[in-house]
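Down below is the structure, laid out as structure tokens.
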Amino acid sequence: AIEPEKITPTPGLVVFTYYPKEKAVKLGGKKYPLEVPVITPYGKFRINYNHLNDVAENQNYFLSLNTISSAAKGFAGNLMVMNGSNKSTILYLSFTDPSPKRAEDVLNCLIRVYNQAGIDDKNTMSKNTLDFIEDRLAKVTIDLSNVEGEIEQYKQEKGIVDITAEGGAYLNSVQGSDNELSAVQIKLTVLDQIEDYVVRKTDNSGTVPATMGISDPLLLSLLSQLYEAELQLDKLRKTGAESSPAVIAVKSRIAQLKPSLLENIRNLRDNLLVTQRRLRIESNKYSAMLASIPSKQRGLLDIERNAQIKGSLYTFLLQKREETALSYASAAADSRLVNSAESLGFPVSPVKTNIYFIALMIGVLAAVGFVLLREKYNKEIVFRSEIEKATKATILAEIEYNNDKQIPVITDSNRTAIAEQFRSLRTSLIYLGIQKDKKTILFTSSISGDGKSFIAINLGASLAMTNKKVVMIELDLRKPKLSNMLNIVNEPGVTNYMAGLVDIKEIIKPVANTPNLYVIPSGTIPPNPTELMLNGKLEILMEQLTRDYDYVIIDSPPIGLVTDAKLLNTYADVTIFVLRHKHTPKKYLKFVNQLYKNKEFNNFYIVFNGLKNRGMFGMGKLPQYGYGNGYGYGYGNESEKPAKKGLFSKSKKPEAVATPKGK
């Protein structure tokens, strides 16, 4: 425990060693005794032994020394002042400190010093006024005593006993003027003293003259400001140097106030001198009237008039002295302590729940940030909004990811979400007028694996369930998938027909377990698919199919790889472009928009395929029963690896995806 005497420490950390036998400590290589004031390089203080703690012998301990200014700044940072409410006059003070007892002491001491400072400020003004009144009373008492002696001496010399009625009337008039002249003279005297105070005043605080009889609000305001500035300067000099910005600012303010005060005093003096001249003229007039009164009696009246003036001034000063004394004795602080400082009894910081909450929020934000960053730099299409932003083409439907190996996924008894999505797609096409004369639907995509064959099969099955005859043509001649997904023999097929080897009836094959649905497989893969489609046979085939069937669905190659789909657009009434979630590269969206703007396809629409669960516990990719390991001959060597299952992925409910059977 350190009890400061007059500490002027050098801030820093001091190491000291305690020696119990010698009852001393070693600081800076020198030993100092306990319980007595000592002068050290770090300041003058006394070190007391705290018997509540066990101090080991010859062990080093650390003492932190701070300047008064730095310690005060540290305390100020822990102090908080709050208002109870907008209309309340109560302030709530709180102080945060590792030691509850020290926090209570700091707050209680702060309030005590604040209240005492307010009382001291009030008493300073009252004391200055009392000193001025006492000084004036001493002078007026002497003047009054002299005047009374003159009256007594005059009466004895002149033998005057009474004053005539006429003399009394004139005397009353003269006395009235003289009273006013006395009041003016008092004001002039007060102004002289105030002016002398302002002119001779240095930067040090001093006694402000009383302003008795002066009611000019500007003068009173300026004097009050000067007095407050001098008090503030006196306080600042106790805690700061003369060159500090705060001291310089207050000095500048005092220097600005003095010229204004002197100018105001001069104006008031000029007004009072005018009034004084007027009153003296009136007094002289009444004095001339008194000339008719005997000189003895007139001389007595003059002396008595002076005595009356002094008496009135004496009475006035006594009254003001009593009023000021009462104010001085009853001075109280403007604030009142409602409750003394009390510690809460438990730590306010750190709060465990807040730490846990912040840690939880950091974890959540980190996870969300990771997902958002991953998706921001994802090169594949993830959101529907990305499609809508890149192109104005209408998105006709969204199809979920499908884990089920069953093809087609839509049957008469199936009421799953993906089945309903295909029914919705069928309804949308009917609203677009795809029926009766308009019956040909062309499916294409940007790259291999987008799921156009899967969409074509399930849409065909959905249309067939409405008792309509539907035929699907597998015109993706470079890498056919449709017949393989339906477990239908690939030969003979459309290539065999276009080569003139078989008849139309030989290549139309029904789909098992799906009435009214037929497939024309691709047949033998030719070396020149484009030239084969231009030999005229395909046109005859399309004319025949549109006559015999209610709907014709064409499964064409990806438009992003070959141009066969543009050749087949001649026969299409509507074109459905399939984009797949997290598979189709975003760069193809510009290509899709160009196709739509240039109207390169008839009635161009988009289907967003393979949507996956994007919830908190479905961030991982589900298994993909893929779309092959590349598009093979003629398209390059594209590959698609099955993604790993996410950490929180759910696998109870299968999701919808465009997937061929058996892959």
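Some points to look at:
- For segment 428-527: accessible area per residue (Å², 1.4 Å): 37 Å²
- In this structure, the amide hydrogen of Asn414, modeled 1.01 Å from its nitrogen in the peptide plane, lies closer than 5 angstrom to no residue at least 5 positions away or on a different chain.
- Residue pairs, from the table Lys73/Lys235; Lys379/Lys590; Lys73/Lys258, whose Cα atoms sit over 23 Å apart: Lys73/Lys258
- Whole-number D in µm² s⁻¹ for segment 450-508, Kirkwood Cα-pair radius fed into Stokes-Einstein, 25 °C, 0.890 mPa s: 196 µm²/s
- Extended-chain gain in nm, criterion 0.36 nm per residue less alpha-carbon gap, Glu388 and Gln193: 61.4 nm
- Rounded Å value of the spacing that divides the Cα centres of segment 348-424 and segment 436-463: 25 Å
- Here r is the Cβ-Cβ distance between Thr353 and Tyr49 and R0 is 56 Å; the resulting FRET efficiency, rounded to 0.05, is 0.85.
- Label-reachable residues, segment 96-112, where backbone N falls under 15 Å from a point 7 Å from Leu344's Cα toward its Cβ: 96-101, 103-104
- Distance between the 7 Å Cα→Cβ label points at Thr466 and Asp105: 9.0 nm.
- Separation of the Val274 and Ser243 label points, Cα + 7 Å toward Cβ, nm: 5.1 nm
- Using the Stokes-Einstein relation with a Kirkwood hydrodynamic radius computed over Cα pairs, the translational diffusion coefficient of segment 55-114 at 20 °C and a viscosity of 1.002 mPa s comes to 151 µm²/s.
- Within straight-line reach of Lys44, meaning a Cα separation under 12 Å, sit the following aspartates and glutamates at least 8 residues removed in sequence or on another chain: Glu3, Glu5.
- Segment 352-365 - phi-based ³J(HN,Hα) in whole Hz, Karplus 6.51/-1.76/1.60, Gly and Pro as x: 4, 4, 5, 5, 4, 5, 5, 4, 5, 5, 4, x, 5, 5
- √(5λ) per eigenvalue of the Cα gyration tensor, segment 527-574, largest first, Å: 20, 14, 8
- Segment 409-477: translational diffusion in µm²/s, Stokes-Einstein, Kirkwood Rh over Cα pairs, 20 °C, 1.002 mPa s: 166 µm²/s
- Backbone geometry of segment 379-393 corresponds, through the Karplus equation with coefficients 6.51, -1.76 and 1.60 at θ = phi - 60°, to 3J(HN,Hα) couplings of 8, 9, 5, 10, 10, 4, 4, 5, 5, 5, 6, 7, 8, 8, 5 Hz, x marking Gly and Pro.
- Using the Cβ-Cβ distance between Thr315 and Asn284 with R0 set to 25 Å, the FRET efficiency works out to roughly 0.40.
- Heavy-atom SASA rank of Met485, Met80 (probe 1.4 Å, accessible area, largest first): Met80, Met485
- For segment 214-238, the residues whose backbone nitrogen is under 20 Å from a point 7 Å from the Cα of Lys251, taken along Cα to Cβ, are 226-238.
- Added length on full extension, which subtracts the Cα-Cα distance from 0.36 nm per residue, Lys127 to Thr141: 2.9 nm
- Surface share of carbon and sulfur [accessible, 1.4 angstrom probe, percent] for segment 481-612: 49 percent
- Built amide H within the under 5 Å cut-off of Gly43, gap 5+: none
- Per-residue surface analysis assigns Lys582 an accessible area of about 30 Å², computed on protein heavy atoms at 1.4 Å probe radius.
- Isotropically averaged projected area of segment 420-566, using the convex hull of Cα atoms (one quarter of hull area), nm²: 8.3 nm²
- Between Ala366 and Tyr61, residue separation times 0.36 nm minus the direct Cα-Cα distance comes to 105.4 nm.
- Applying 1/(1 + (r/R0)^6) with r as the Cβ-Cβ distance of Thr89 and Ser260 and R0 = 45 angstrom yields a FRET efficiency of 0.85.
- Amide H contacts of Leu611: Ile399, Glu400, Tyr401, His581, each under 5 Å away and 5 or more positions distant or on a separate chain (H built 1.01 Å from N in the peptide plane; Pro and chain starts excluded).
- Solvent-accessible area of Asp573, all protein chains in place: 40 Å² (probe radius 1.4 Å, heavy atoms, ligands and nucleic acids excluded).
- Long-range tail of P(r) for segment 355-399 (Cα pairs > 16 Å, %): 57 percent
The values are calculated or read from the model by the stated rules, or taken from the named source; none is laboratory data. On a predicted model such as this, the values are computed, not experimentally measured, just so you know. With ideal geometry, Cβ positions are generated from the backbone for all residues, glycine too; neighbour counts draw on all protein chains shown. All accessible areas refer to the heavy atoms of the entire protein, side chains included, with ligands and DNA or RNA removed. Shrake-Rupley method; radii C 1.70, N 1.55, O 1.52, S 1.80 Å.
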